[in-house]
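*Asks:* Starting off with a structure, shown below.
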């Protein structure tokens, strides 16, 4: 019987849970904002992990938040090693996930298109 999940998927999920907790407790929410770890992709050899995040609010912009997380990556990796028992703890690479913003932008464009269609059809009926 085949396994349902690959080991990299299980490790990715555990790293995501632990990092979410570490980020929540390690940073000032007023400065950084509310950072959410959206996904983690771990390499097959567990040497690297790409961490996708979003943030909401805070005093810093997207580039500053990314820079702050990248600077904190070694410390977060050390803390992660304390929480997860693995022979190799992956090196963390933080990447801002803009899929939520893109989705929101697309939704608003669709709404605008639907509204303009309704206005055009109303105009045609009144003629």
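All of the numbers you see were taken from the coordinates with simple rules; none came from a lab. Just so we're clear, the structure is a prediction, and the values are computed from it rather than from any experiment. A quick note on method: Cβ atoms are made from the backbone with ideal geometry, for glycine too, and the neighbour counts reach across all protein chains shown.
*Asks:* Starting from the Cα-Cα distance between residue 77 and residue 108, subtract it from 0.36 nm times their residue separation and give me the gain in nm to one decimal.
*Replies:* 7.3 nm
*Asks:* For a label point 7 angstrom out from the Cα of residue 45 toward its Cβ, which stretches of region 62-102 have the backbone nitrogen within less than 14 Å?
*Replies:* 88-91
*Asks:* Measure nothing but the geometry: give the 0 to 90° angle between the long axis through the Cα atoms of 7-26 and the longest principal axis through the Cα atoms of the chain, rounded to 10°.
*Replies:* Value to nearest ten degrees: 80.
*Asks:* What angle, in degrees between 0 and 90 and rounded to the nearest 10, separates the Cα long axis of helix 62-83 from the longest principal axis of the Cα atoms of the chain?
*Replies:* 40 degrees
*Asks:* Enter the angle in degrees (range 0 to 90, nearest 10) between the Cα long axis of helix 99-126 and the first principal axis of the Cα atoms of the chain, meaning the one along which they spread out most.
*Replies:* Tilt of helix 99-126: around 10 degrees.
*Asks:* While we're on this one: Among (1) 18.6, 69; (2) 20.7, 74; (3) 15.4, 49, find the value of Rg and Dmax of the Cα atoms in Å that was calculated from the structure presented, and write down its label.
*Replies:* (2)
*Asks:* At a 10 angstrom cut-off on C-beta neighbours, averaged per residue, how do the peptides 10-22, 92-104 rank from highest to lowest?
*Replies:* Working: 10-22: 17.9, 92-104: 14.2.
So the peptides 10-22, 92-104, ranked by packing, come out 10-22, 92-104.
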